[in-house]
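Below: one structure, written as C-alpha cells.
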Amino acid sequence: MVRLQIDSRRYEVPEGKNLLDICLSLGLELPYFCWHPALGSVGACRQCAVKEFRGDDDSHGKLVMSCMTPAKEGLRISVSDPEAVAFRKAIIEWLMLNHPHDCPVCDEGGECHLQDMTVMTGHTYRRYRFRKRTFRDQNLGPFVNHEMNRCIACYRCVRFYRDYAGGHDLNVFAAHDHVYFGRQEDGCLENEFSGNLVEVCPTGVFTDKTFKKHYTRKWDLQSAPSICVHCSLGCNTLPGERYGMLRRIRNRYNQEINGYFLCDRGRYGYEFVNSDRRIRAVWSRGQQKTLMQKVSPLQAVTQLGALLSIPDRLTKTIGIGSPRASLEANFALRSLVGAERFYSGFSDLDRVLTLIAVQVLEKSRARPASLQQLEQSDCVLVLGEDVTNTAPRVALAIRQTTGPIFVSTPYRTKLDEVATLSVTLAPDDIAGLGFAIAHQIDPAFPSVQGFSTEIAQSAQGIAQALLKAKRPVIVSGTGSLSPSILEAAATLSSALFGKNAATQICFSVCEANSIGLALLEGNPLRQAVDLAKQGAVETLFLLENDLSRRLDENSLKTLLSNVKTVILLDHTATAMLPRADVIFPAATFAESDGILINNEGRAQKFYQIFVPNPVNLGELSSIQESWRWLRDLHIASARMDPSRWTTLDELTEDLVKEFPKLSPIQEAAPPASYRIAGSKIARQDHRFSGRTAIFADKTIREPPPSPDPDTPFLFSMEGAPLALALNDGWPGKKVFGDTTAAGISFPGLPLPFSPQEDQWWVIPLYHIFGSEELSLASPSIAGLAPKPYIAIHPRDAAKLGIQEGDPLEILLAGSVSLQTEEFHLPTRFESSLPLGIAGIPVGIPILAGKVAQLPFWCELSKHKMLGVA
Ligand code: SF4
Ligand code: SF4
Ligand code: FES
C-alpha cells in the first residue's frame, strides 16, 4: 500500500494500481472511456485527465492520463483542478462533434456510458455547426447491431475482440479522420464472444440485435440475479423482462466465474423462453387415450394424485430426472416416486462420465480451478475437450493465461491457434498421452506401452513444461464421451500434484446441473428401460428431459411402449411431447428459482425474473415450477402433508436432511428471509413505468404485485434497489470444499487406437450453436447451427470414393440396421481427424435418437441415391 493525496485528501491505496481505477473505487467522479477493468489502459480517449503535482511546492502541475499513471508513495493529484476539468470538457466536445445525437432512438439509451460521461463533464451545449462525418453500417449477423456514427474511437471493441477473445474478423480501418470499427465486409461476426461488444462498447455502436427486435426501455425491465443454463460453467447473468417476455441477458459480474464476459450462447440462448414451442397449459389424453385436450390443473392433479395414492400403482411408477432441471425439481421428483424408483435421466455413458467427474471433484488432491484461477495459470493442458464449443468461457479463460498451452483433442479446435503444441489424436490415444505424461512426471505411475513415438515425444515435452509451471491446470471434460480421457486427466493431475501442490483441474460436464443431478444418486436409464420391458412400469414421470437425446431409438421405443401413462413436465415442446399422456407446463429458469451445481461443484441460485401468468385471463395458462407441480401431486396422493414445501427454502431443508453432504447449498445465496435494511429487494427500477396501467388491456383493476414467498425479491419497484443486492456478489458455495485430499488416480490404461479396414469409430463433434438443446430453440442461435453432416478425413473419403458433400450411408456395426433413408449424411472433409475416425455433430434434432449412443463403430459406404437426408 502507498499513501497519496487526491484534491487535498489523503488516501492509502494499493501500489501500482492505476489512478483512474483508484479514483473510481473511492467513489470519485472521473470520466473515462477506453479503460476497462479487464482490458486495461491504453490512454486512447484522453478523457481521464487529472493534474499531477511534483511535491508540495509545485502549484502548476501537469496533466496526466490517470488510467496510465500508477499509484506511488507521496503522489499528489487533483481531479477538480480547473485545467483538468476544462481539458476533459474539451475532449468530450471533440468526441461528440460527429456523434449523431440520436439518443431518443438509440438502443444504448438508459445505460449509455457516453451519455453519462457527457453529463458528468458538463458538455451540455453543441457548438459545432457543420456537416457530420457519417459511415455506412454493416450487417454483423444475428447477434450484434452496428451503428458506426456513434463511435468515439476508444478502441475497446477491437481490444476485446482481437486481443482478449482472439477474434480476427473485426478490426479498425482508418484514413484521415475516418476511423472505422467493423469487418472488412458485411457478415456474421465469427468470434463466439462477439456479444460482449454490446457491453464493452461505451456507446451505441454495438448493441444487442435480439433485444432490438423487442426493444423496451432499460428502466422498464424487471430483473433478478440468474445463472446461465446453457453449459455447465454457471456464468452469472442478469436477464430482463417486460410484458411477460424475456428481452435480453446481460453479464452479471462474478469474480470467480465469468468476470465481465459471457459467451454468445449464454447471452443469446434466452429466446427459448419466448418460443412458440413453450408449453403453457395442462394437457391430457384422458381415459380414452384420444387427442390431447387442455384440462384444468386441479382436475389433472387430483386424478393423478388419486392414482399415486394406490400403493400397488406407486410401486409401478418411476421418475426420470434431468441434468437441465434444478436440484430442487429433481429432488421433488425423487421424493414423489421414491428414491429406488428415481432414474437420473442421463444417457448411460454420460452418467458414467459425470460420476467419474464427481469422484474427481470429491477426492482429487488437485482441486477444481475457478475460471479466475484458470486465467492465472501459467501452463494449461487441455485433454480431449473441445472447450470452445462445450464450455466456451473456459476457452476464453485459457486465452488469458500467460504460459504454454497444450491441446490434445480428436480434431482441430479453435484453441489450437494459441496452443504451444496441439496434437490431434483418437480419444484412446489422448488418454494414452495423458497417462504417458503422468509417467513422465512421476515414474511411479505406470508406463504406457504401444503408443507411437510422436505421443511419447509429446508426452515428454508437455511433462517438462507442466513441471516447470507454478500454477498448472489440467483441463478436460465429459464431452469427449471417453471415460479413459477423464481418468487419464485425473491421474495426471495426481502425478503433478505430487510435485506441485498448486496443481488444479478444470473438468466440464455436459449440462447446467449435471453435477447436482449426479449427487442425487439416481439409477441408470438402462435399468428403467429393462424394467419397462419386464412390464414392471405403468406410470412414468418425465422431468424436463428429451429422452431422444439420451437413448437410441429402439430403447426409447421399448421404454415408452411398455408404459401405460407418461406424465411429462417440461417448459418447451420436444420429441417427447407426442408420446406424453399428461403434460404439465413447467417454468423456465426465468420463471422459477432453483439451484444448479456447476462443473467445479459450486452451488448457485437462479432467481425468478417474472411471473409467467400474473393475471388470470380465464385461459388455462398455468405455468409453474416443476417442483411445485410435483409437490401438488405429492399432496394430492395423500402422502405429503399440505403444510409442507410451501416455500422453496422448506424443500431445500428437506433435501439437505436427506443429503447432508449437500448442506453448503443453503449458503449458495441468501434465503427468502434475507433483507437489506429491513426491506425485500425490488426487481423493478424506481423509474419503472406503467405500474398502474401495465395490465390495463386485460383488466381495468390494478392487480397487486404477485407474492413471492420463495425469495428475498419483490415483483415491484418498492424495496431495496437491486443494484445493492448485486453489489454483494453472491459467488455461490462449493459443495466439495477446497481442501479434500484423499487423492485419486485410475490404473486403467487404454489400448492404442488402430484404424480398421472397413469400420469407423464415430465420435461427437461439438458446435457452440447447435449442440445445446435449449439455446437451439432461440432463433438467433438456430440460424447458426450446422446442418447434419458426417466428418471424415479426406484420405478415408478417397478410400470410399466420395467427394465432399456426397451422401454417406451409416450402418451401425453389429448389423443393427438403421432406417437408411433417415441416416444418410452429407460428407464434410476434416483433415485434422485421425484416420479411421469419423465425427457427427451432437444435438442436431434430426440425429437425436440415432446418435445418443455415440461413440460407436460403424460401416460407411457411398450412398447409392443422389441427394442427402
Ligand atoms: S465502436 Fe464502441 S468500443 Fe469501438 S471504438 Fe467505437 S466507441 Fe469504442
Ligand atoms: S460459458 Fe456456458 S455458462 Fe457461460 S455464458 Fe456461455 S453457455 Fe453460459
Ligand atoms: S480512460 Fe484514460 S485515456 Fe481513456
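The values are calculated or read from the model by the stated rules, or taken from the named source; none is laboratory data. Just so you know, these numbers come straight off a predicted model, no measurement behind them. A quick note on method: Cβ atoms are made from the backbone with ideal geometry, for glycine too, and the neighbour counts reach across all protein chains shown. What goes into the accessible areas is simple: the full protein's heavy atoms, side chains included, and nothing from ligands, DNA or RNA. Shrake-Rupley method; radii C 1.70, N 1.55, O 1.52, S 1.80 Å.
Taking a straight Cα-Cα cut-off under 19 Å and skipping sequence neighbours fewer than 8 places away in the same chain, the lysines within cross-link reach of K799 are K862, K864.
Positive contributions from Lys and Arg (+1) and negative ones from Asp and Glu (-1), summed over other residues with Cβ under 10 Å from the Cβ of S493, come out at +2. Of the trypsin sites (Lys or Arg not before Pro) in segment 39-90, the ones in a loop by DSSP (not H, G, I, E or B) with at most 14 other beta carbons within 10 Å are R54, K72. Shown in residue order for segment 397-406 are the 3J(HN,Hα) couplings computed by the Karplus curve 6.51 cos²θ - 1.76 cosθ + 1.60 at θ = phi - 60°: 5, 4, 5, 8, 6, 9, x, x, 10, 10 Hz (x for Gly and Pro). Considering only T409, A723, Y128, and ranking their Cα positions along the charge dipole of the chain that arises from unit charges at the beta-carbon of Lys, Arg, Asp and Glu, the one farthest toward the positive end is Y128.
With K and R counted +1 and D and E -1, the other residues having a Cβ less than 15 Å from that of G16 yield a net charge of -1.
Distant-in-sequence amide contacts of S476, defined by a placed amide H-H separation under 5 Å and a gap of 5 or more residues or a different chain, comprise L383, C506, F507, S508. The GluC sites (Glu not before Pro) of segment 612-714 meeting both criteria, a DSSP state outside H, G, I, E and B (loop) and at most 11 other C-beta atoms within 10 angstrom of the site's C-beta, are E619. By its C-alpha gyration tensor, with a ≥ b ≥ c as the square roots of the eigenvalues, how is segment 605-694 shaped: rounded for a/c under 1.5, else prolate for a/b larger than b/c, else oblate? Here segment 605-694 falls in the oblate category. For segment 66-170, carbon and sulfur atoms together expose 56% of the accessible surface, with a 1.4 angstrom probe and every protein chain in place. How much of the accessible area of segment 230-298, probe 1.4 Å, is carbon plus sulfur, in whole percent? Within segment 230-298, the accessible surface is 51 percent carbon and sulfur. Solvent-accessible surface of the chain, taken per residue with a 1.4 Å probe and all protein chains present: 39 Å².
Rounded if a/c is under 1.5, else prolate if a/b is larger than b/c, else oblate: which is segment 322-443, with a ≥ b ≥ c the root eigenvalues of its Cα gyration tensor? Prolate shape, in that a/c is at least 1.5 and a/b is the bigger ratio. Once the Cα atoms are used to define both axes, helix 297-308 deviates from the longest principal axis of the chain by about 40 degrees.
Taking the Cα centre of segment 1-107 as origin and assigning +1 to Lys and Arg Cβ atoms and -1 to Asp and Glu Cβ atoms, the resulting dipole is close to 180 debye. Based on Cα contacts under 8 Å between residues 6+ apart, segment 217-321 shows a relative contact order of 14 percent.
According to the Kirkwood relation over distinct C-alpha pairs, the hydrodynamic radius of segment 243-320 is 17.0 Å. Residue-wise HN-Hα couplings along segment 630-643, as the Karplus relation 6.51 cos²θ - 1.76 cosθ + 1.60 with θ = phi - 60° gives them from phi, are 5, 5, 4, 5, 4, 5, 5, 7, 6, 10, 9, 5, x, 7 Hz; Gly and Pro carry x.
The phi torsions of segment 699-715, fed into the Karplus equation with coefficients 6.51, -1.76 and 1.60 and a -60° offset, translate into couplings of 8, 7, 7, 7, x, x, x, 4, x, 9, x, 8, 9, x, 9, 10, 8 Hz, rounded to whole numbers, with Gly and Pro shown as x.
Would you work out which of N139, A528, A488 lies farthest towards the positive end of the dipole of the chain? Charges go on Cβ: Lys and Arg +1, Asp and Glu -1. Selected residue: N139.
Here's how it looks for F541: its modeled amide H is under 5 Å from those of I318, G319, I320, I567, which are all 5 or more places away or on a different chain. The magnitude of the dipole of segment 53-132, with charges of +1 and -1 set on the Cβ of Lys/Arg and Asp/Glu and taken from the Cα centre, is near 480 debye. Think of the chain as having a plus end and a minus end, set by charges on the Cβ of Lys, Arg, Asp and Glu; of T646, S663, M576, T646 sits farthest toward the positive end of this dipole. Inter-part distance, segment 464-542 to segment 340-398, computed on C-alpha centroids, equals 6 Å.
Within the chain, the proportion of C-alpha pairs whose separation exceeds 36 Å stands at 52%. Carbon-plus-sulfur accessible fraction, segment 561-603 (probe radius 1.4 Å, protein heavy atoms only): 55%.
Taken about its Cα centre, the chain carries a charge dipole of roughly 1440 debye when the Cβ of each Lys and Arg holds +1 and the Cβ of each Asp and Glu holds -1. Taking a Cβ cut-off of under 10 Å around S561, the surrounding Lys, Arg, Asp and Glu residues balance to a net charge of +3, with basic ones at +1 and acidic ones at -1. Once C-alpha pairs closer than 8 Å and six or more residues apart are averaged by separation and normalised to the residue number of the chain, the relative contact order reads 13 percent. Each 10 Å bin, from zero up to the one with the longest distance, holds this percent of the alpha carbon pairs of segment 527-642: 12, 34, 35, 18, 2. For segment 627-745, averaging the sequence separation of C-alpha pairs within contact (under 8 Å, six or more residues apart) and dividing by the residue count gives a relative contact order of 30 percent. Using a/c under 1.5 as the rounded threshold, could you call segment 448-569 rounded, prolate or oblate? The axes a ≥ b ≥ c are square roots of the C-alpha gyration tensor eigenvalues, and prolate needs a/b larger than b/c, oblate otherwise. It is prolate, given that a/c is not under 1.5 and a/b is the larger ratio. When the C-alpha to C-alpha distance is required to be over 26 Å, the pairs from K363/K733; K17/K62; K209/K787; K72/K733 that qualify are K72/K733. Using the rule -39500 (n - 2.57) for each DSSP H run of four or more residues, divided by the residues of the chain, the 222 nm mean residue ellipticity is -7000 deg cm²/dmol.
What lysines sit close enough to K468 to cross-link, taking a C-alpha to C-alpha distance under 22 Å and skipping anything fewer than 8 places away on the same chain? Within the straight-line limit of under 22 Å, K468 reaches these lysines: K499.
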